[in-house]
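Working notes, beginning with the structure itself.
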Number of protein chains: 2
Amino acid sequence: MKPSIPKGTRDFSPAEVAKRQYIIQKIKTNFEKFGFQPIETPSFENSETLMGKYGEEGDRLIFKILNSGNFFYDKKLKIELPESLDALRANSAETISTKELIELNKFTNRISEKALRYDLTVPFARYVVQHQNEIEFPFKRYQIQPVWRADRPQKGRFREFFQCDADVVGSISLWQEVELVQLYDSVFTDLGLTGVTIKINNRKILSGIAEVIGASDKLIDFTVALDKLDKIGEDGVKKEMMEKGISESAIKKVQPLFNFTGTITEKIEKLSALLSESIEGIKGVQELQFICDNVSSLGLSSSILDLDVTLARGLNYYTGAIFEVAPPPTVSMGSIGGGGRYDDLTGIFGLKNVSGVGISFGLDRIYLVIEELNLFPETVTSTSKAIFLNFGDQEAKYAMKAITDLRKSGLKVELYPDNVKIAKQFQYADKRGIPFVVIVGEEEMRNNQFSLKNLTSGEQQKVSFDELKKALI
Amino acid sequence: MKPSIPKGTRDFSPAEVAKRQYIIQKIKTNFEKFGFQPIETPSFENSETLMGKYGEEGDRLIFKILNSGNFFYDKKLKIELPESLDALRANSAETISTKELIELNKFTNRISEKALRYDLTVPFARYVVQHQNEIEFPFKRYQIQPVWRADRPQKGRFREFFQCDADVVGSISLWQEVELVQLYDSVFTDLGLTGVTIKINNRKILSGIAEVIGASDKLIDFTVALDKLDKIGEDGVKKEMMEKGISESAIKKVQPLFNFTGTITEKIEKLSALLSESIEGIKGVQELQFICDNVSSLGLSSSILDLDVTLARGLNYYTGAIFEVAPPPTVSMGSIGGGGRYDDLTGIFGLKNVSGVGISFGLDRIYLVIEELNLFPETVTSTSKAIFLNFGDQEAKYAMKAITDLRKSGLKVELYPDNVKIAKQFQYADKRGIPFVVIVGEEEMRNNQFSLKNLTSGEQQKVSFDELKKALI
C-alpha cells in the first residue's frame, strides 16, 4: 500500500508552512491594527446551518459527515448497530426502492447531520446571532481558518484551503469601506507586494446601469461583455451585447461606459451624468465618492485604487460596495482578494437589519504571487541557526550544556543525535540548510572552546561560549 | 430556528482565541528553539490510512465523510444521482435486508472514502513514508492542528480539539529523550507554570516487572493497583492484586515496589536489584539512568523530573521511554502532556525500522490550569489600545489621519464608525475593554490637538499627535 492523500488536499513541508505562516502573520497583525478581533468556529456545523445558503451548486459542494458514535442494540439482528444505519434499515423497503425517497437530501439527512464549513461568512453570521447578547455592536471580527469544498480539483483550486476574512457588522458607516481599502493596502505593503490594484464598484451603480439599459436580468451579460473592451474593442463588445439580447437603444444610452477612462474623479463625473435619472444609481455614486475621496485624501502606501464598473461579483448578496484586488500587472493571476457590503447578513438566522461589510484575502494565490516575485525574505524559515556535531557522549554532554544555555537566549540550535561519521553529519546540516556547524572535540573541551564553521563561507574559527552566542544571535 | 453548533464543538470568542494563541505561540517558539520544524497535513485522510490504526474503539470514533461531488445519470430513474447513492441503490436488496451486508464497515466504505484526522501521529507516519525521499533523517517535526473524535462529549472532552506534537524519527539516540524532558520544562517555564512534574518510565522496565511477576497479561492490573498505594495502603493494594489473579509469590518478588520512594538515583538502584534477572528490564534501567543523569546534570528550570513505575500509558505502541506531565499539585487536573518512544512508527505504511520518539501538549487542559492559577498576562488580548470617538464626518476625517499614522507605527487603534450619542460611544469603549478614548471636537481640530482619556484612571488631557503616539505605545 502506497500512502497517499485525498485528491484536492495537500501536505505542507516545513519550508511551505514557514512561508504560509509569514503571510498569515502579516494579515493577522494588520487585522488587529485595524481593530478586528479573532474568533474561531467549529470545523463542522449542523447541516441545516449550511444547507441552502450557497445556492444549489454550493449545496452539492458541501462535505457531509456521517453520523457516528451512537450505537444501540438491534433486536432482529442481535448485533449493535449505529443508530443511523438502523434508522435506514428500518425503512429499507421504501428508502431504497421507491423514487421519492431516494432523493439525496432525504437520504443523507438520515445518515448525516453535520457538514464541514464551506466558507467563513455563514458560520460568522451564525456566531453573531447565537452570541448576540455577548457581543458589542459594531462587531469587528477576523477569522483565519480552513474551509472545505467538494469542487473538482484543478491548478490553484483545492478541496481544503484557508480563508482570511475581516468583517464588521452592525454599522452602515462608509468609513468602514474607507478603512477596508486601507487595510488591503497595509497588508500588501507589509508583504512587499507593491502595485496591487484595489478595484471598487457599488451594487447600486450596477442597479442604476440595469435601470438605464432597461434590463436588470441582462446585467451580468452586460458587464461580462464590457469587461472585454481591451481585447475585442468597442464594436466587438457591442456585437456581443446585442447577441445577448441587449437593445441598440439601451447600448446607446450607456455610450459613456465605452470610453470609461481617466481618474476616479472623472469616472465619477461620467457616472453621475449617466445615472442622473436613477435614484439608486445616484446613491451608489455618492457612496463611491465618499469612499474614494477619503481614501485619496488619507493616501495609500503602495496600492492603486481604481473604479471598475465591470466589477460584478457577489451580486446575490452584496448591496453596496464591491471590492476586488488584482495582483501587480507583471504577474498573470486572478484576483487575490475580494469583498463587499451585504445589508442583511444575519437575516437568514433570524436577526434582521444588521448590515455587514468585509474583505477576504486569498492565501494560496498571494503565496504564489509572492513566490513568483521572489518577495519571501530569506529569513522566513524555521530551520535551526546551528547544529552541534556529535563525537560521542562526553562531547555531546559538553555540547548540550552550551545548547541548553543558547536556547534560554531564544536561539534555535540543535544537537546531531547520533555519533556517526562526521561527513554524514555535515551533509545533514547542509541539506537541512542550517547555516552554522559547531564542532566539539577533545581539544575544544580541554580549552573550554567551540569550533564554529560557517557553511556558506566555509570559514571556521575557535570561539568561547560568549563569542559563539554573539555569532549566532 | 435558533442557531446552534454540534455537540462537543466550541465557538471561541476573541478573548479565548487570544489566550489560546498565547499558549500555542509559547509551544511553537520552544519547538523551534529545540530544532523542530512545522508540517501540516490535510484535515481528512483516505479512510484506509486511518482505519485499523487505533483499535476497534478508535475506528468507531473516527468521523467519516460522505462521498460527494461525483454525479452521474441514472438510467432507470432518469435523474442525476451521486455515484455513492446509486451504488448503494443498485445493491439495495442485499445491502439493506441481509445480515452480512449490513455490517458498518462494508456499508460506509461504499459511501465514504475519507475520514477526519483522529490524531497527528498516524498522519505524520503517513507523511514520513510518502515523502521519505524529500526528508533528511533524523526528521524533527512539530504539528499543531485540530483533530476530531466522535467521543461522548463531557467536561473537558470535545469532539474537535487541538493537538500539539513534537516528534523525531530516524534516530535511537537517548539524547532526544533528554531534550524532550528539557522541552517540556522550557515550555511550562515560559508559561509561568512552575512546579509541574514530568513523570518518566520505560516500557522495558514494565516488561521486566511482568517477567518477574510471571504474568505479562496482568501488567496493567498490577500497575493500576500499585498506583493506589497512597489511597488504600500496602495491604489494600496486595489484596486487589490477588483478586486480579496475581500470585502471592509474585507479589513477594516485587516487594521493593511497595516502598518505592526516595530520589531518582535511589529508585534506579532499587529497580536495578529487582530486575537483575531480566535482560530487558536491565536495558530499561540503563536507558532511564542515561536520561535522568543527563537531565539532572543539565538542570531543569522549574519542573520536577520523577520516575514513576506505575506510568503505563500507550503500552500498545511505546517500546522505550514513557512520559506524562502532571500539573502543579495545587491544581486538580489530569495529565497536561504525554509521550514516549515507539520503535516502529512507520511500519504500518511499509517503511520498517524507523524509530520515533515524541511528546504532546494538552492545549485545553493547559488553558484551564493557566486560567485557574491566574497566569495569563493582562497583555494577552487583541483589543485596540484606543478608540477615536466620532463627532461627524469632519472630525472623523481629522481622526482618520491620526489613526492612519498610528497604525503605520504598529499601534492598534480604531474609529467609532457612527456619529451617535457620545455616551453610547463611551459605553462601547468600556464594554470592549479598550483602555484609551481619543476625543476630537472642533476645539481640538482648531488647535491641532487630541483629548486623550484614560478609562482606567478617568484622567483626561489635551495632547499633540506626538504626545498621543508616545502615550499609546
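The values are calculated or read from the model by the stated rules, or taken from the named source; none is laboratory data. Since the structure is predicted, the reported quantities are computational estimates derived from the model, not experimental observations. Counting neighbours? That spans all protein chains shown, and the Cβs are built from the backbone with ideal geometry, glycine included. These area figures cover heavy atoms from the full protein model, side chains too; ligands, DNA and RNA do not enter into them. Shrake-Rupley method; radii C 1.70, N 1.55, O 1.52, S 1.80 Å.
Here are the numbers for the structure shown:
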read-out: Selection from the stretch B:324-344 of residues that are part of a strand (DSSP E or B), out of contact with any Leu (no Cβ under 7 Å at 6 or more places or on another chain) and either in contact (Cβ under 8 Å) with a residue 40 or more places away in the chain or crowded, with 23+ Cβ neighbours inside 10 Å (or both); value: B:325, B:326, B:337, B:340, B:341, B:342
read-out: Residues located in the stretch A:297-310, provided they are among the hydrophobic types (A, V, I, L, M, F, W, C) and touching a helix residue (DSSP H, G or I) at 6+ places or on another chain (Cβ under 8 Å); value: A:298, A:300, A:305, A:307, A:309
read-out: Helices (runs of 4 or more DSSP H) wholly inside the stretch B:1-66 that include at least 1 residues being touching a residue at least 12 places away in the same chain (Cβ under 8 Å) and surrounded by fewer than 17 Cβ atoms within 10 Å (Cβ to Cβ); value: B:14-33, B:55-60
read-out: Search result, residues across the stretch A:136-169 that are within 16 Å of residue A:354 (Cα to Cα), at the interface with another protein chain (Cβ under 9 Å from one of its Cβ atoms) and out of contact with any Lys or Arg (no Cβ under 8 Å at 6 or more places or on another chain); value: A:137, A:138, A:140, A:141
read-out: The stretch B:118-135 - residue that is over 19 Å from residue A:14 (Cβ atoms) and not hydrophobic (A, V, I, L, M, F, W, C) and, of those, nearest to the other protein chains (Cβ to nearest Cβ); value: B:118
read-out: Subset tally (residues that are of a type outside the set (Phe, Trp, Tyr) and open to solvent by 30 Å² or more (accessible area, probe 1.4 Å)) for the stretch A:310-323; value: 4
read-out: All positions within the stretch B:16-38 that are facing chain A (nearest Cβ under 9 Å) and closer than 13 Å to residue B:180 by Cα; value: B:30, B:31, B:32, B:33, B:34, B:35, B:36
read-out: Residues satisfying the stated conditions in the stretch A:283-328, i.e. modelled with pLDDT under 95 and farther than 23 Å from residue A:221 by Cα; value: none
read-out: Checklist (1) buried (at least 16 other Cβ atoms within 10 Å of the Cβ); (2) touching a Lys or Arg at 6+ places or on another chain (Cβ under 8 Å) applied to residue B:426, failing item; value: (2)
read-out: Subset of the stretch B:347-374 [in contact with a strand residue (DSSP E or B) (Cβ under 8 Å, 6 or more places away or on another chain) and either hydroxyl-bearing (Ser, Thr, Tyr) or in a strand (DSSP E or B) (or both)]; value: B:355, B:356, B:357, B:358, B:359, B:360, B:361
read-out: Which listed residue is in contact with an Asp or Glu (Cβ under 6 Å, 6 or more places away or on another chain) and farther than 28 Å from residue A:119 by Cα, from A:215, A:225, A:210; value: A:225
read-out: Per-region count, the stretch B:443-473, residues of a type outside the set (S, T, N, Q) and loosely packed, with under 12 Cβ neighbours inside 10 Å; value: 7
read-out: Check on residue A:28, closer than 25 Å to residue A:376 by Cα and of a type in the set (D, E, K, R); value: yes
read-out: Residue count, the stretch B:225-258 (criterion: free of Cβ contacts under 8 Å to residues at least 24 places away in the same chain and open to solvent by 30 Å² or more (accessible area, probe 1.4 Å)); value: 15
read-out: Complete set of residues in the stretch B:262-309 that are in contact with a Phe, Trp or Tyr (Cβ under 8 Å, 6 or more places away or on another chain), open to solvent by less than 20 Å² (accessible area, probe 1.4 Å) and away from chain A (no Cβ under 14 Å); value: B:267, B:309
read-out: Checking residue A:357 against (1) touching a residue at least 60 places away in the same chain (Cβ under 8 Å); (2) open to solvent by less than 60 Å² (accessible area, probe 1.4 Å); (3) more than 17 Å from residue A:172 (Cβ to Cβ); (4) not aromatic (Phe, Trp, Tyr), the condition it does not meet; value: (3)
read-out: Of the criteria (1) within 14 Å of chain A (Cβ to nearest Cβ); (2) farther than 21 Å from residue B:193 by Cβ; (3) among the hydrophobic types (A, V, I, L, M, F, W, C); (4) buried (at least 21 other Cβ atoms within 10 Å of the Cβ), which one residue B:351 fails; value: (4)
read-out: Residue in the stretch A:67-84 that is modelled with pLDDT of 50 or more and either of a type in the set (S, T, N, Q) or more than 20 Å from residue A:120 (Cβ to Cβ) (or both) present; value: yes
read-out: Failed criterion for residue A:382 (all others in (1) surrounded by fewer than 18 Cβ atoms within 10 Å (Cβ to Cβ); (2) at pLDDT below 95; (3) closer than 30 Å to residue A:437 by Cα hold); value: (1)
read-out: The stretch B:215-224: number of residues that are of a type in the set (A, V, I, L, M, F, W, C), part of a helix (DSSP H, G or I) and open to solvent by less than 30 Å² (accessible area, probe 1.4 Å); value: 2
read-out: Residue in the stretch A:223-239 that is among the β-branched types (Val, Ile, Thr) and over 22 Å from residue A:320 (Cβ atoms) present; value: yes
read-out: The stretch A:298-313 residues that are touching a residue at least 40 places away in the same chain (Cβ under 8 Å) and within 17 Å of residue A:262 (Cβ to Cβ), paired with ones that are surrounded by fewer than 19 Cβ atoms within 10 Å (Cβ to Cβ) and of a type in the set (S, T, N, Q) (beta carbon under 6 Å, 6 or more apart); value: A:304/A:197; A:306/A:197
read-out: Whichever residue in the stretch B:385-410 is farther than 18 Å from residue A:30 by Cα and at the interface with chain A (Cβ under 9 Å from one of its Cβ atoms) and, among such residues, is surrounded by the fewest Cβ atoms within 10 Å (Cβ to Cβ); value: B:393
